[in-house]
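The values are calculated or read from the model by the stated rules, or taken from the named source; none is laboratory data. Every value quoted in this text rests on a predicted model; they were computed, and no experiment measured them. Cβ sites come from the backbone with ideal geometry, for glycine too, and all protein chains shown count toward neighbours. Side chains included, ligands, DNA and RNA excluded: accessible areas come from the protein's heavy atoms. Shrake-Rupley method; radii C 1.70, N 1.55, O 1.52, S 1.80 Å.
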Amino acid sequence: MLRTTVSDDVAGWLDVLGPLAFYLVVWGLVFVGTAFFVGVFIPFLTGDGLLFGAGIVAGSTDRIDIWVLAIGVGVAAVAGDQVAFLLGRRYGRPYLSSRKGRWVQSMVVRTERFYELFGWWSVVIGRYMPWARVFVPVIAGIGGMPYLRFLTANVFGALSWAVLITVLGYFAASDPSVRPIAYVVAGVVIAASVVAGIRAWHQDRTTRTTPA
């Protein structure tokens with residue numbers, strides 16, 4: 001129901017803005033979602049819901065080209081993470097400490113543990129987890145991850161996430177024969193995100209309870 005509502009809202013953007021502005025708004029939301037912490041406050045308008053909804057719109061009209069949309073979303077996702085990484089490297093831990101609120105700070109602590117446990121893979125896996133998607137790039141910058149190492153993880157994670165979910169939305173709307181497969185794959189992606197989160201939580205607890 002939530003995804004249906006989001007896709008309906010995104011379809012309304014196309015009617016009001018037209019194709020060019022539609023592309024720019026979708027790409028812009030994906031970019032600011034991680035570049036400037038916007039995803040903390042409106043995760044469904046900067047994350048999976050936006051991408052799946054935009055893909056559904058592309059599959060429902062010939063006014064939007066799915067590959068222009070999907071590739072643009074991938075580039076925006078990579079660019080957003082790069083900005084967040086560079087901000088973390090430039091301003092350090094005080095940049096995160098300035099983000100007030102108990103919930104935000106608890107997410108920062110959780111993501112720091114997640115990054116310590118998974119390293120390079122935290123950037124890839126984090127793309128599929130709303131809270132990690134926002135904070136991992138900054139923490140990777142603060143933690144001193146080498147730039148090229150982060151870049152490879154960012155490109156792999158951001159492109160796989162952005163293109164995959166957008167194209168799944170497209171097929172869910174445009175091809176009745178593929179639609180069930182698209183929803184199954186989307187469900188697997190979501191389930192994998194949950195499993196990754198549970199694994200991180202379990203390993204975190206194990207690490208905390210193991211005597212030094």
- Item | Exposure rank, largest accessible area first [R102, R113; 1.4 Å] | R102, R113
- Plugging the Cβ-Cβ distance of F156 and R63 into 1/(1 + (r/R0)^6) at R0 = 22 Å yields, to the nearest 0.05, a FRET efficiency of 0.10
- Candidate residues L168, L20: accessible-area rank, largest first, probe 1.4 Å: L20, L168
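Once you have the Cα-Cα distance between L148 and I181, take 0.36 nm times their residue separation minus that, and quote the gain in nm to one decimal.
8.3 nm
Highest mean first, how do 66-72, 131-137, 119-125 rank when packing is the count of other Cβ atoms within 10 Å averaged over residues?
With the highest mean Cβ count within 10 Å placed first, the list reads 131-137, 119-125, 66-72.
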- Message: Would the range 1-152 count as rounded, prolate or oblate if I go by the C-alpha gyration tensor, calling it rounded below 1.5 in a/c and otherwise prolate when a/b exceeds b/c, oblate otherwise?
- Response: prolate
